Amino acid sequence: MDYQKDLAIDPHNLAEEWLNQPVLFMRYSEELANVRKRLSFQEEKVKIVRSRLIKEAADKAEGGKSADLREAYYRTHKDHIEAKDKQAELEFEANLLESAVFAFNQRKVALENLVKLFIAQYFAGPREPQTLPEGKRFSPEVERADKVSNTIRKTLQRRR
């Protein structure tokens, strides 16, 4: 999974980005669920290893009856250390995937806002004023709207 690539948005291809958004979101959500499941199993494995080692320490003469000695025995045992390391790796992976899923929510909002900007023609290039050939006129509705716009513009300029 390539987080950076999957989170990138091509503003010139919004239709395809929108079609891919739910697919990407679901892919990362499923991966997060899988990692959480593996993490849950690993947490249980750590408990099992710890219990086995505590029992082993209690059975051995060097383990003695002291809880501190039993704890020292299991915490320093390579099986416990390996199980805890695997748990830490899975926790890291889960945290990273949670951040990715959150980022895909932000990506959705970004796509929504890009569409709004596109509709508002934010990305449109400069335009030349529309002119008509000599002797031609705009429709009466357009001329009326133009007069109203000019009147509003002049009124606002006088108020400044």
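We did not get these values from a lab; they are worked out from the coordinates using the rules stated. Bear in mind that the values here come from a model prediction, so they are computed numbers and not experimental data. As a convention, Cβ positions derive from the backbone with ideal geometry for all residues, glycine included, and neighbour counts pool all protein chains shown.
Summary table
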quantity: Options 42, 4: the member that is under 30 Å from residue 119 (Cα atoms), of a type in the set (S, T, N, Q) and assigned to a helix (DSSP H, G or I); calculated: 4
quantity: Residue count, the stretch 108-126 (criterion: aromatic (Phe, Trp, Tyr) and either without any contact (Cβ under 8 Å) to a residue 24 or more places away in the chain or not in a helix (DSSP H, G or I) (or both)); calculated: 2
quantity: Cross-chain or 6+ apart pairs with Cβ under 7 Å, the stretch 30-41 first and in contact (Cβ under 8 Å) with a residue 40 or more places away in the chain, then outside any helix (DSSP H, G or I) and surrounded by fewer than 16 Cβ atoms within 10 Å (Cβ to Cβ); calculated: 31/1
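Here is a yes/no grid of residues against (1) surrounded by 13 or more Cβ atoms within 10 Å (Cβ to Cβ); (2) under 20 Å from the mean Cα position of the chain (by Cα):
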| residue | (1), (2) |
| --- | --- |
| 14 | yes, yes |
| 28 | yes, yes |
| 53 | yes, no |
| 77 | yes, no |
| 88 | no, no |
| 106 | no, yes |
